[in-house]
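Each value in this text was obtained by applying a stated rule to the coordinates, not by laboratory testing. Being a predicted model, the structure only gives us computed values, none of them experimental. Methodologically, a virtual Cβ is constructed for each residue, glycine included, from the backbone with ideal geometry; neighbour enumeration extends over all protein chains shown.
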């Protein structure tokens, strides 16, 4: 792709680094921004800059937050004994949209994937174990995607929790193999949580 402007080329290159954005889509987005009033581009740039500078991660669940402890963890009406283990904030948002879950969350920040250089030490697994040891959590719900990486992560955490007085369960397989939670419809996802099964049973399946 030939560019008449180095500035345009640079902007397209940076935009194309975003996931799912190819060079042609990046060019279309950059040209769209150029056609908008400059204040709109400034608002976008300021929002991204503020996001990077001021964003926090909840000290309890490790989800993205504006404050030290997120609104979900800080809500006394949530079930403090129930924790749903998810990959990232997209899964939290997907589950919250069902209105079927009233417990807390633990965001791992990814899944174990040796091919991508992601091991247990790169996730918040040790923090989850400490959380269970030091709080009133009685049940852990594994809600990672039904992929090899998701199943590997579930099993690793399950082994780390052996001997601790906590029940482990997994969302029902209403979510298809390889499907991500964020793309599941609300009814299916809600039912998968309500109809969760003991993790030991999931291993046998």
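Computed log10 I(q)/I(0) for segment 111-150 at 0.20, 0.27 Å⁻¹: -0.72, -0.98, from the Debye equation with unit scatterers placed on every C-alpha and solvent omitted. Taken along the Cα-to-beta-carbon direction at a fixed 7 Å, the label points for residue 80 and residue 126 span 2.6 nm. Highest mean packing first, where packing is the average number of other Cβ atoms within 10 Å per residue, the peptides 134-146, 106-118 line up as 134-146, 106-118.
An ellipsoid equivalent to the chain, defined through the eigenvalues of its Cα gyration tensor, has semi-axes of 37, 20, 17 Å when rounded to whole angstrom and sorted largest first. Taking the average, over residues, of other Cβ atoms within 10 Å as the packing measure, peptides 149-156, 93-100 rank 149-156, 93-100 from highest down. The modelled label-to-label distance between residue 44 and residue 14, using points 7 Å beyond Cα along the C-beta direction, is 1.1 nm.
When every Cα-Cα distance of segment 6-54 is counted in 10 angstrom steps from zero, the calculated P(r) takes the values 25, 50, 24, 0 percent. Assuming R0 = 30 Å, can you tell me the calculated FRET efficiency for the pair residue 29 and residue 64, based on Cβ-Cβ distance, to the nearest 0.05? E between residue 29 and residue 64, to the nearest 0.05, is 0.80.
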